[in-house]
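**Q** Got a structure for you, written out below as structure tokens; questions coming shortly.
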Amino acid sequence: MSILISILSCAPLGLKSGNLQTIDDTIQHPITVDYSDFSNIFKKTGCQGFQSHVWNYIYKIVSIENGKPPPYHTVKEKIIKRIHELTKDHPASEEDIKQFAMRFVEVYALVTEFMDQNREEATDTLVHLEYGIVEPNHTEFIEKLRATFAELDRIAKALNQECQEESPTYASEERSVLREPSSDSNDKWDIRWFHTMRKNLHPLVYGARKVMSTAYQSCSVLDLPLMSLDHSTEGIYTTSRHSSGNGWRRAISNLNAVNQSHYYLSQMSIPNTNQCLNIYQSPLIYDYGGKPSTTLHSINLFRNSGSGSRSLGVDCSGFVASAMASAGLRLKPRVFIRPIHVKSVNSWMFKNARRNNLSCLQQQDISAENPIRPGDIIASNTHVVIVESTGPDPFGLSNVRSSGECHSRKIKLGQLDFSIIQSSAHNGGVGINRMHVRLAADGLAGIERGLKRSVSRACYKMFGMEEHTNINEVSILRHASGEPACRDREIYLESQECLSNCEPQYIIL
């Protein structure tokens, strides 16, 4: 049976107010690129994770928000002037090192030029390229970058330099990621509640609950019953259709109305501690295209990003990607988790995980022997959710008496028995929520049809019959969380330390 955790209130201390980062002009520490970046990457040329270090550098360039990166000729001049520092006592010739430097500068030039011309699409294009996803646009840039990247990698191997750093893996990080929190530590990772959830829940359910409780800055938000459709959130309005044509941007017109009518905001309590943000000043809602902001090392749910409106909001894929990252779950083996990835993963990528090389997500053919489980992902082309908990008969097949009841037209949402955690437009744009699937799927055409056909196929299999109809509407995915190559260090959620005083009262197995 599913594991449920019940949490009571946190110890009151004092609430941080006026520090909530909400809009695009929030001041952050500027990111710069200089010679030291090249020097550090040069030292990693013999490492197994060399390419990952280059990608880290590329994403550092993309993350520059205050001003433009320095011109490539400036970077080139600085590297050439100091390249003699790298040639001292090095087994490779100075010419080989210069060749490596020139390829490095070429990567820099290609990325900065592309950013200058395609700022809005730069992150998506680069993330998709790293994952090996076929990008129909910008093919000339992609091919040039691939070729230059391959040449840089070839020269790096020819330098015959010993690795000065082992590539980080889940196994090598296990002690720091899964360590027992100390009782007297104020470390932002020493959160006993997280440790308890991590130990007792599926990793993705743990990540989803961590993101939800951090987003609401509340210990009690997960204690509330599953959201019904009886609550209508007032004070949210649609501003315009998203440029993709698949959803609507949303904004807040009446903050007091939102706080008083929102299912979670109106009932939960925020720990009275100076580690917590006063989210009532600018609560997260559902905003199609809304994504969390990111730094090189963290995800910030409280600063606006993505292509939604100026109101804070995280859409369905932004939520699921953040849940995976915060739980240390990779999408693809050997591709390290980077916070910036959460901005560029969408529901279509989850739906077509196999085609998009997201091989840590394994498509499931659900049956009575292989039922849907907590931690599974259900994805259509326009929506994606995480299965949070299941009943003993999640597809409602125990009452089926004959194969004549298995046709998809006879399958009802009411027979399903599992809950999901998601970010959605339900109840007027509530955002991150927990719902029973029979309510959540009603009206989501792709999810509803796909689930009914999945149940139908499982039902026929129960009677030894094969239904050969392809299920095109949804993919049911299961993360290979038991494979070390699909695990990584957990990504920090800004202000997650708000929950450091949360204590699980009991665990029901």
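The values are calculated or read from the model by the stated rules, or taken from the named source; none is laboratory data. As the structure is a computational prediction, the values presented were derived from the model and not from experiment. As a convention, Cβ positions derive from the backbone with ideal geometry for all residues, glycine included, and neighbour counts pool all protein chains shown.
**Q** Quick one: which of His436, His426 is out of contact with any Leu (no Cβ under 6 Å at 6 or more places or on another chain) and either free of Cβ contacts under 8 Å to residues at least 12 places away in the same chain or within 30 Å of Asn254 (Cα to Cα) (or both)?
**A** Selected residue: His426, the only one of His436, His426 that is out of contact with any Leu (no Cβ under 6 Å at 6 or more places or on another chain) and either free of Cβ contacts under 8 Å to residues at least 12 places away in the same chain or within 30 Å of Asn254 (Cα to Cα) (or both).
**Q** Let me ask another. Across the range 190-236, what is the number of residues that are touching a Cys at 6+ places or on another chain (Cβ under 6 Å) and either surrounded by fewer than 24 Cβ atoms within 10 Å (Cβ to Cβ) or of a type in the set (Gly, Ala, Ser) (or both)?
**A** Final tally of qualifying residues: 1.
**Q** On to the next question. Any residue at all in the range 360-374 that is within 12 Å of the chain's Cα centre (by Cα) and part of a loop (DSSP other than H, G, I, E, B)?
**A** Looking for residues that are within 12 Å of the chain's Cα centre (by Cα) and part of a loop (DSSP other than H, G, I, E, B), one finds none in the range 360-374, hence no.
**Q** Residues of the range 391-423 being in a helix (DSSP H, G or I), small (Gly, Ala, Ser) and touching a residue at least 40 places away in the same chain (Cβ under 8 Å), which ones?
**A** If the condition is that a residue be in a helix (DSSP H, G or I), small (Gly, Ala, Ser) and touching a residue at least 40 places away in the same chain (Cβ under 8 Å), then Ser403, Ser408 are the ones that fit.
**Q** Taking the criterion of being surrounded by fewer than 24 Cβ atoms within 10 Å (Cβ to Cβ) and among the aliphatic types (A, V, I, L, M), would at least one residue in the range 301-323 satisfy it?
**A** The answer is no; no qualifying residue exists.
**Q** Which residues, taken from the range 114-143, are surrounded by fewer than 18 Cβ atoms within 10 Å (Cβ to Cβ), within 25 Å of Thr45 (Cα to Cα) and charged (D, E, K, R)?
**A** The one that is surrounded by fewer than 18 Cβ atoms within 10 Å (Cβ to Cβ), within 25 Å of Thr45 (Cα to Cα) and charged (D, E, K, R): Glu143.
**Q** Hey, which of the helices (runs of 4 or more DSSP H) in the range 64-145, taking only ones fully inside, have at least 2 residues that are at pLDDT below 85 and under 26 Å from Phe350 (Cβ atoms)?
**A** 119-131
**Q** Tell me, please, whether a residue that is small (Gly, Ala, Ser), farther than 29 Å from Arg119 by Cα and touching a Phe, Trp or Tyr at 6+ places or on another chain (Cβ under 6 Å) can be found in the range 383-395.
**A** Checked the range 383-395: no residue is small (Gly, Ala, Ser), farther than 29 Å from Arg119 by Cα and touching a Phe, Trp or Tyr at 6+ places or on another chain (Cβ under 6 Å).
**Q** Here's a check for you: in the range 488-509, which residue that is closer than 21 Å to Lys188 by Cα and part of a strand (DSSP E or B) is modelled with the lowest pLDDT?
**A** Selected residue: Pro504.
**Q** Of the conditions (1) touching a strand residue (DSSP E or B) at 6+ places or on another chain (Cβ under 9 Å); (2) basic (Lys, Arg); (3) assigned to a helix (DSSP H, G or I), Arg434 clears all except one; give me its number.
**A** Tallying (1) touching a strand residue (DSSP E or B) at 6+ places or on another chain (Cβ under 9 Å); (2) basic (Lys, Arg); (3) assigned to a helix (DSSP H, G or I), Arg434 fails exactly one: (3).
**Q** Which is modelled with pLDDT of 90 or more, of a type in the set (Ser, Thr, Tyr) and more than 21 Å from the chain's Cα centre (by Cα), of Ser213, Ser185, Ser232, Ser218?
**A** Ser232
**Q** Enumerate the pairs (first residue in the range 342-354 and assigned by TED's automatic domain parsing to the domain that holds Thr382; second residue anywhere and among the acidic types (Asp, Glu) and surrounded by fewer than 20 Cβ atoms within 10 Å (Cβ to Cβ)) with beta-carbon separation below 8 Å, excluding pairs fewer than 6 apart on the same chain, so at least 6 apart or on different chains.
**A** From the range 342-354, the pairs are Lys343/Asp124; Ser344/Asp124.
**Q** Just give me the residues in the range 290-300 being of a type in the set (A, V, I, L, M) and crowded, with 23+ Cβ neighbours inside 10 Å, in sequence order.
**A** Passing the criteria: only Ile299.
**Q** Is it fair to say Phe149 is of a type in the set (Phe, Trp, Tyr) and farther than 20 Å from Ile340 by Cβ?
**A** So Phe149 does not fit the description; no.
**Q** May I pose another question? Take Val258 and tell me if it is in contact with an Asp or Glu (Cβ under 8 Å, 6 or more places away or on another chain), touching a residue at least 24 places away in the same chain (Cβ under 8 Å) and not basic (Lys, Arg).
**A** In short, yes.
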